[in-house]
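The values are calculated or read from the model by the stated rules, or taken from the named source; none is laboratory data. Not measured: the values here are computed from a predicted model. Heads up, the Cβs are rebuilt from the backbone with ideal geometry, glycines too, and the neighbour counts pull from every protein chain shown. When the accessible area is computed, the model is the full protein with side chains, heavy atoms only, and any ligands, DNA or RNA have been set aside. Shrake-Rupley method; radii C 1.70, N 1.55, O 1.52, S 1.80 Å.
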Amino acid sequence: MRDVGMKIYIETYGCQMNEYDSRLIASILASDGHGMTRDLGAADVVIVNTCTVRERAEIRVLGRLTHLRGLMRKDAVLGIAGCVAQRMGDRLLRKIPGLSFVVGTEQYWKLPDMIESARIGRAVVAVGTGSGESYDRRPAPDEASLCEFVSVMRGCNNYCSYCIVPYVRGRERSRATSGIVDEVTQLVALGAREVTLIGQNVNSFRDEGRGFAGLLSAVAKVEGLQRIRFATSHPKDLSDELIEVIGSVAKVCEHVHLPVQSGSTEVLAAMNRSYTREQYVALAGRIREGIPGVALTTDIIVGFPGETDEQFRETVSLMNEIRFDSAFMFHYSVREGTRAAEFGDDVPKEVKIARLETIIDLQKRVTSEVNAALIGSNAEVLVEGPSHRNEDLLFGRSRTGKAVVFPGDAGLTGRVVNVEIRSTSAWTLHGGNPLLS
Ligand code: SF4
């Protein structure tokens, strides 16, 4: 007799796709008669959805699993999902005492059966890839927050030499446009007003001849939806058609996250990024020309194997030339299983850290200057609710993705308002009283 009505506790680590997958896992198990709990002590099943993008992230989450085993009820089962599960597979059963199941990124439909086996003491592992699974027809969501993620494609064919993602997320496959539009429609009916379309490389979205630009236009037709964002783009295939759609379709927000990684063409080649510094600069110019007021943000890695002082200075000069609105910045760390792991890690740790500090200081100065230039202008903000830092203020994001706080009544939550920017800091815009738009 199948166990139903179990309490499931899910803990999520890593990227937006993992956030989305945890909701997918919850809806698959809910459609099998189980419910979610945020109380670890009450849980019958504990699932940790994991990230392997950096070694430190993996070590931390493995430690957390061992710790959780000690906190859970003795009769509850513990399972691991996500990219660490995908990368390490059955090795984890030996590594984590009391672990009952290991489920990879393409096997979430199997979870109800896997939990059933685990409950009767049979440990299970399902980490097959190549199934082309895109979870196109996931169970309908039963609740939604104001801002939701919606996966449009999975996997990546780019094989950047430092990146583990293609090995744990598989080759690119896109969902059907109809499945995506249905999901967005369901989320809007449940109260969502903004969706972020996500994928390891959304520009590679393909569905019966329709590309990502066409998908944006299709999603924009959903009644009641107010805003569309997307992440992440790869510079090699961000098309002029996409720039045109972002610049002309009102619901699509003017923010493009475009990881550059390095300002040196030699280092970009070693990273297998498929574009040169000059091509990236030209693309950034076309984006700014085609989308007035667009925010351009990026990712940067310093200390890649072989990176010379001169090549590092090229990254600094590119940051001064492009003046990004903001950036996620990292120093290189070896990822076992990637091609770059064979290059040797020859940039000393102290040099990596010094280079990282240099670009963080630079970006903080540039972001402050870019934000300060907005003082006196109006920002259109989707009110997300009271500010976490100051309950007397409201919080929301501008169309360009910037955090805005301003005075106002919490009853404005979910509304789009216009706010005059009065002052700014590196990370936040401070506004006056809102004007309803
Ligand atoms: S584009 Fe490169 S960095 Fe991004 S997920 Fe694919 S392989 Fe990784």
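The condition of being within 30 Å of Arg56 (Cβ to Cβ) and among the hydroxyl-bearing types (Ser, Thr, Tyr) holds for only one of Thr276, Thr315, that being Thr315. Looking only at residues of segment 121-137 that are among the hydrophobic types (A, V, I, L, M, F, W, C) and open to solvent by 20 Å² or more (accessible area, probe 1.4 Å), we find that the one that is nearest to the ligand (Cβ to nearest atom) is Val127. Taken over segment 207-249, the criterion of being basic (Lys, Arg), more than 20 Å from Cys147 (Cβ to Cβ) and more than 16 Å from the ligand (Cβ to nearest atom) is satisfied by Arg210 alone.
From the list Arg173, Arg154, pick out the single residue that is touching a strand residue (DSSP E or B) at 6+ places or on another chain (Cβ under 9 Å) and within 20 Å of Thr52 (Cα to Cα).
Arg154
Applying the selection to segment 148-166, what residues are crowded, with 18+ Cβ neighbours inside 10 Å and of a type in the set (Phe, Trp, Tyr)? Phe149, Tyr162, listed by residue number. Could you list, in sequence order, the residues of segment 277-292 that are within 16 Å of the ligand (Cβ to nearest atom) and among the β-branched types (Val, Ile, Thr)? Scanning segment 277-292 gives no hits. Quick one: would you say Ala140 is within 20 Å of Val4 (Cα to Cα) and either in a strand (DSSP E or B) or away from the ligand (no atom under 16 Å from the Cβ) (or both)? Yes.
Residue selection: Ile301 satisfies the criterion of being open to solvent by less than 40 Å² (accessible area, probe 1.4 Å) and either in contact (Cβ under 8 Å) with a residue 60 or more places away in the chain or of a type in the set (Gly, Ala, Ser) (or both).
Among Leu435, Leu412, Leu362, Leu356, which is among the aliphatic types (A, V, I, L, M) and touching a Phe, Trp or Tyr at 6+ places or on another chain (Cβ under 8 Å)?
Only one candidate passes the filter, namely Leu356.
Out of Thr358, Thr413, Thr315, one residue alone is open to solvent by less than 30 Å² (accessible area, probe 1.4 Å) and among the polar types (S, T, N, Q). It is Thr315.
For segment 160-189, a residue qualifies if it is of a type in the set (Lys, Arg) and within 16 Å of the ligand (Cβ to nearest atom), and the qualifying residues are Arg169, Arg171, Arg173. Scanning segment 37-69 for residues that are more than 30 Å from Ala341 (Cβ to Cβ), touching a helix residue (DSSP H, G or I) at 6+ places or on another chain (Cβ under 7 Å) and either outside the structural domain of Thr105 (by TED's automatic domain parsing) or buried (at least 18 other Cβ atoms within 10 Å of the Cβ) (or both) gives Val45, Val46.
Each residue in segment 350-392 was checked for being farther than 21 Å from Leu296 by Cβ, in contact (Cβ under 8 Å) with a residue 12 or more places away in the chain and more than 27 Å from the chain's Cα centre (by Cα), and 3 pass. Could you please find all residues in segment 378-423 being outside any strand (DSSP E or B) and within 21 Å of Gly293 (Cβ to Cβ)? Across segment 378-423, the qualifying residues are Arg399, Thr400, Gly401, Lys402. Test Ser145 against the stated conditions and say whether it is surrounded by fewer than 22 Cβ atoms within 10 Å (Cβ to Cβ), more than 14 Å from the ligand (Cβ to nearest atom) and not in a loop (DSSP other than H, G, I, E, B). Criteria not met by Ser145.
Inspect all residues belonging to segment 180-202 and state whether any of them is modelled with pLDDT under 95 and open to solvent by less than 20 Å² (accessible area, probe 1.4 Å). Checked segment 180-202: at least one residue is modelled with pLDDT under 95 and open to solvent by less than 20 Å² (accessible area, probe 1.4 Å). Restricting attention to segment 269-294, the residues that are open to solvent by less than 70 Å² (accessible area, probe 1.4 Å) and in contact (Cβ under 8 Å) with a residue 12 or more places away in the chain total 15.
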